[in-house]
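Notes follow once the structure below has been shown.
The values are calculated or read from the model by the stated rules, or taken from the named source; none is laboratory data. Remember, predicted model here, so these are calculated numbers, not experimental data. A quick note on method: Cβ atoms are made from the backbone with ideal geometry, for glycine too, and the neighbour counts reach across all protein chains shown.
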């Protein structure tokens, strides 16, 4: 009887694990653009700190920085995640670096415009996702232009869609970093919020809307930029980090 009970428990655990949600995280940051006039001081630190947060959550993380964070490499890593992520899983993407209207200025963007990762191309890749839980954090100047230069707004508000963007600033604004803080203002607020500062109801879980409210308030206290949230209301209660495990 004891052996049978043990077998049933092991089987139940295996089945539960089979259907358990997995979180796949792609973190990309460019500090060294190979050009002293373009290099940034804290963007690689931003995504490395985020990696620690998600590693502590048991997520499967991939980090791509500086000269490796090219348009082609980022899309390659993203497509690999999209291939393995199942319907019940979650995908998280974070970018910290230069940005311009309609694009992330990934490594090599100063050499050729073809090295820019446009938001339209990026969103089109994300549409191949099997999961409806896709969350993107963009810490770059003019990040709000993701809405204006793609069909993200219409698509993300479709009841069948599941893509939410946290944007560091409006389409006509700059996103700032601070050496004293050691991060970009948006990224610092994001890190603190994910670690639990955004948990307003004290349940040890940080939801999408809790996180955005915290980021918005924290950034506005320290910078002139205005963080934006773009995505379906149906995702507002989705838990991004859970410290009650």
Residue in the stretch 188-201 that is at pLDDT below 95 and within 24 Å of residue 60 (Cα to Cα) present: no
Of the criteria (1) outside any loop (DSSP other than H, G, I, E, B); (2) surrounded by 13 or more Cβ atoms within 10 Å (Cβ to Cβ); (3) at pLDDT below 95; (4) touching a helix residue (DSSP H, G or I) at 6+ places or on another chain (Cβ under 8 Å), which one residue 129 fails: (1)
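Condition test on residue 144, is it at pLDDT 90 or above, out of contact with any helix residue (DSSP H, G or I) (no Cβ under 9 Å at 6 or more places or on another chain) and exposed (fewer than 14 other Cβ atoms within 10 Å of the Cβ)?
The answer is no for residue 144.
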Residue ID - farthest from residue 90 (Cα to Cα), chosen from residues in the stretch 177-187 that are touching a strand residue (DSSP E or B) at 6+ places or on another chain (Cβ under 9 Å) and free of Cβ contacts under 8 Å to residues at least 60 places away in the same chain: 185
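One line per residue, one yes/no per condition, for (1) under 16 Å from the mean Cα position of the chain (by Cα); (2) within 22 Å of residue 36 (Cβ to Cβ):
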site	(1), (2)
54	yes, no
67	no, yes
78	yes, no
84	no, no
113	no, yes
119	yes, no
128	no, no
131	yes, no
134	yes, no
Boolean, residue 117 is at pLDDT below 85 and buried (at least 22 other Cβ atoms within 10 Å of the Cβ): no
Within the stretch 177-187, considering residues that are crowded, with 16+ Cβ neighbours inside 10 Å and under 12 Å from residue 43 (Cβ atoms), the one farthest from the chain's Cα centre (by Cα): 177
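Yes/no matrix, rows are residues, columns are (1) at pLDDT 75 or above; (2) in contact with a strand residue (DSSP E or B) (Cβ under 6 Å, 6 or more places away or on another chain); (3) loosely packed, with under 12 Cβ neighbours inside 10 Å; (4) more than 16 Å from residue 66 (Cβ to Cβ):
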{"position": "2", "(1), (2), (3), (4)": "no, no, yes, yes"}
{"position": "15", "(1), (2), (3), (4)": "no, no, yes, yes"}
{"position": "28", "(1), (2), (3), (4)": "yes, yes, no, no"}
{"position": "33", "(1), (2), (3), (4)": "yes, no, no, no"}
{"position": "37", "(1), (2), (3), (4)": "yes, no, yes, no"}
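Does residue 91 fit the bill of being touching a residue at least 40 places away in the same chain (Cβ under 8 Å), part of a strand (DSSP E or B) and closer than 27 Å to residue 244 by Cα?
Numbers: touching a residue at least 40 places away in the same chain (Cβ under 8 Å): yes; part of a strand (DSSP E or B): yes; closer than 27 Å to residue 244 by Cα: yes.
The answer is yes for residue 91.
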Lone qualifier among 79, 110, 139, 55 - being surrounded by fewer than 20 Cβ atoms within 10 Å (Cβ to Cβ) and closer than 20 Å to residue 193 by Cα: 55
Counted residues, the stretch 208-229 - those being more than 14 Å from the chain's Cα centre (by Cα) and under 23 Å from residue 243 (Cα atoms): 7
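Go over the candidates 46, 37, 55 one by one and state the one that is in a helix (DSSP H, G or I) and within 22 Å of residue 143 (Cα to Cα). Steps first, please.
Working: 37 fails: in a helix (DSSP H, G or I); 55 fails: within 22 Å of residue 143 (Cα to Cα).
On inspection, the qualifying residue turns out to be 46.
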